[in-house]
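These notes are about the structure you will find just below.
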Amino acid sequence: MKMSDQKPDGVQPDFPRGTPVGGVPALVVSGFLGAGKTTLVKHLIRDAQEQGLRLAVISNEFGALGIDQALLQEAGGAGYVELEGGCVCCQLSNELRDTLQALWSKIRPDRVVVETSGVALPFETLMTFWREPITDWVGESLAVVVVNAEQVAQRRDLDGTFEQQVSSADLLIFNKVDLVPEASLRELEEVLHEMAPDAPILHSVHGEVDGRVLFPSLSSKSISANEVRRRSELMPHTHEAFESQELSLPDDLTPDQLLNRLQAHQALRMKGIVHTSEGLKLVQGVGSRIELTTPPSGIPEDLIGRIIIICRK
C-alpha cells in the first residue's frame, strides 16, 4: 500500500530549484478536541530545530482567541502562522493556500505542518496541497490524526466528527496512552481499527513521536510497512454541532474555585490563561480533565484573563 506521494492525477510536478528531492514533505495534523495536536506540533518544531531544518507551521483554532499562537509563536519563529476564526478544511481553505505560498516564498521550508482545529477533517484540508500553486513545490503529504487514548477508553464522543477524522487518517497517533491501563490498549486499538482498518497506530505520551516516521527521508526504507492507502471518499462536514465562547473570570479565584467554575461548563475542550490567587495559570481542559500549569513567558496581555471553551450545542 502506498501513501499519497502523488497528486490525484498521478503526475509529479517539476519542483523548483532548491526544493528537497521529491518536493517538500507536508503533514496535516488533525484530531478531535484535546487530543494533543499542539503538543505534537511543538515536538515537531523542536525536532526540526535540532536537525537545522526550516519548518513551516500553520495552526488553525476553532474560535478567535488564538491561544495556540502564544504557545507556539516563540518556538516556531518566522515559519509559524496562525489562521483564526474559521476552519481550514472549508471556510479558510483559500487563506490556507495563500498562507502556504507566502511561507514558501519567505522561508523555503524543508517541511510543512498544518495543525487543524479539533473539528476539521484532515482529508479535505489535505486537498489544499493538491491545488495550484502549492502542488508545484509540495511533495508527499500525509494525514496524521492524533487520538486521545483516555477519550477512547471512556467511549466519549466517538461518533460524528471523531469517526470521520479517524477514518480518513493515513497514520494514527494514539496519544496519552499513559492515562489508560496498558492491558486495555489492544481493545482500545480495535475501536480505531474498525474506523480505519488500514491506518498504522503509533503510541505516544505527550506527543513524543519519532520525526523520522512522520518525515521519512528518501533513503529510509525501515518504515515502508507502515505505508497506507488514503481513504479517498469525501464526507459532509459542518460545525453546527459545536459552539465556542469566551469566559472572563475574576483574578482572585483560588485554583480550586477556578476548577469548580470551569467544570460546571462541561466543555469538550478549553484553553486560556488567567490570574489566580496563586499567580498566572495556563488552563487546558479535555472533557472532565482540566489542568492548571505555569504558562510560558511573554504571553500577550490581551490574552490574560480569558478562556475559550468549546461545547456541543
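No value in this document is a laboratory result; all are computed from the given coordinates. From a predicted model like this one, the values you see are computed outputs, not experimental measurements. Reconstructed Cβ throughout: ideal geometry from the backbone, glycine too, with neighbour counts over all protein chains shown.
Summary table below
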{"quantity": "Gain in span if fully extended, residue 291 to residue 213, counting 0.36 nm per residue against the direct Cα distance", "calculated": "25.1 nm"}
{"quantity": "R0 of 30 Å, Cβ-Cβ distance residue 132-residue 266: FRET efficiency to nearest 0.05", "calculated": "0.10"}
{"quantity": "Rounded to whole Hz, the Karplus (6.51, -1.76, 1.60) HN-Hα couplings of segment 292-305, x for glycine and proline", "calculated": "10, 9, 6, x, x, 6, x, 5, x, 4, 6, 9, 7, x"}
{"quantity": "Spin-label pair residue 205/residue 178, simplified geometry with 7 Å Cα→Cβ offset, distance in nm", "calculated": "0.4 nm"}
{"quantity": "Cross-link pairs beyond the 18 Å C-alpha cut-off, checked among 37/281; 37/271; 42/106", "calculated": "37/281; 42/106"}
{"quantity": "Sequence-distant residues sharing a close amide H with residue 80 (under 5 Å, placed H)", "calculated": "57"}
{"quantity": "Per-pair calculated FRET efficiency, R0 = 30 Å: residue 51 and residue 245 via Cβ, rounded to 0.05", "calculated": "0.15"}
{"quantity": "Backbone HN-Hα couplings from phi across segment 95-110 [Karplus 6.51/-1.76/1.60, Hz, Gly and Pro as x]", "calculated": "5, 5, 4, 5, 5, 4, 5, 5, 5, 4, 5, 7, 10, 6, x, 8"}
{"quantity": "Alpha-carbon Rg with Dmax, taken over segment 249-313, Å", "calculated": "11.2, 35"}
{"quantity": "Stretch gain in nm, segment residue 256-residue 186, where the contour uses 0.36 nm per residue and the Cα spacing is subtracted", "calculated": "21.6 nm"}
